[in-house]
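Colleague: The structure is given below, and queries will be raised subsequently.
All of the numbers you see were taken from the coordinates with simple rules; none came from a lab. What you see is a predicted model, and the numbers here were worked out from it, not measured in a lab. With ideal geometry, Cβ positions are generated from the backbone for all residues, glycine too; neighbour counts draw on all protein chains shown.
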Amino acid sequence: MTPAGEAYLRWYYDSQVWKHLNYRGVRILKNPLDLWNYQEIFQQHAIEWVVETGTRHGGSALYFADLLAARRSPGKAISIDVDHLSLQVGEHSKLALLQGDSAAPALVAEVKRLLPSSRGAMFLILDSDHRMHHVVRELNAYVPLMRRGDYLVVEDTCVNGHPVRPDFGPGPMEAIDEFVRANPGVLRADSAREEKFGCTFAPKGHYIRL
């Protein structure tokens, strides 16, 4: 991030403005600059399927489903969370909600079953439990489901002092760093996309499957 972008992110995160956003009336815990980036990624990479870990209230799941509907995509947004206690979103023709541990083999197998063999490009976004161990589990589970040209975003790599929440402990950035080191030649960093607006919740978190 640029120094100005980092300063803005610190203000935006620490002021907790992000906790008071909604999309079509549904709470969404995102950086609006990232949401704009995501819709450009959908267009640029002709995204037809989404796999999201971390549904929470469902604002981003609804956003992704709407993007697919607008593109007349044949696919769906598959969103996963350990529970649906905070869910605010209703039925949507382009949305499939799954409940359980996102990295559990049975849940990953269900996602794989929902993705057709003839599918188009997929957008994978990891935004559930941000502890390093869990994010590594997700990366090991879902990156093998990706195909050449699919897109990955690892959200909230900004925690653990990158530049916010220095007290967090190893998190998403440490997880993706470990995965990339252990799996060379699998993912290519999309630095231009990450840096486009100078500020993101996902620094070093944008990748294209090779």
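Colleague: Tell me which of T55, L67, V136 sits at the most positive position along the dipole axis of the range 3-209, charges placed on C-beta atoms (Lys, Arg +1; Asp, Glu -1).
Modeller: The residue sitting farthest along the positive end of the dipole is L67.
Colleague: Count the lysine pairs in the chain whose Cα atoms sit under 21 Å apart, keeping only pairs 8 or more residues apart in sequence or on different chains.
Modeller: Step by step, the pairs that qualify in the chain add up to 9.
Colleague: Can you list residues whose amide H is under 5 Å from L98's amide H, if they're 5+ apart or on another chain and H is modeled 1.01 Å from N?
Modeller: Answer set, sorted by chain and number: S79, I80, D81.
Colleague: Could you please report the charge total around L97, scoring K, R as +1 and D, E as -1 over all other residues with beta-carbon less than 12 angstrom from its beta-carbon?
Modeller: That works out to -2.
Colleague: Let me ask something else. What net charge is computed for the residues neighbouring P144, neighbours being all others with C-beta under 12 Å from the C-beta of P144, Lys and Arg scored +1, Asp and Glu -1?
Modeller: Charge balance in the 12 Å sphere: +1.
Colleague: As an exercise, use a Förster radius of 41 Å and the Cβ-Cβ distance of Q44 and S86 to find the FRET efficiency, rounded to the nearest 0.05.
Modeller: After rounding to 0.05, the efficiency reads 0.85.
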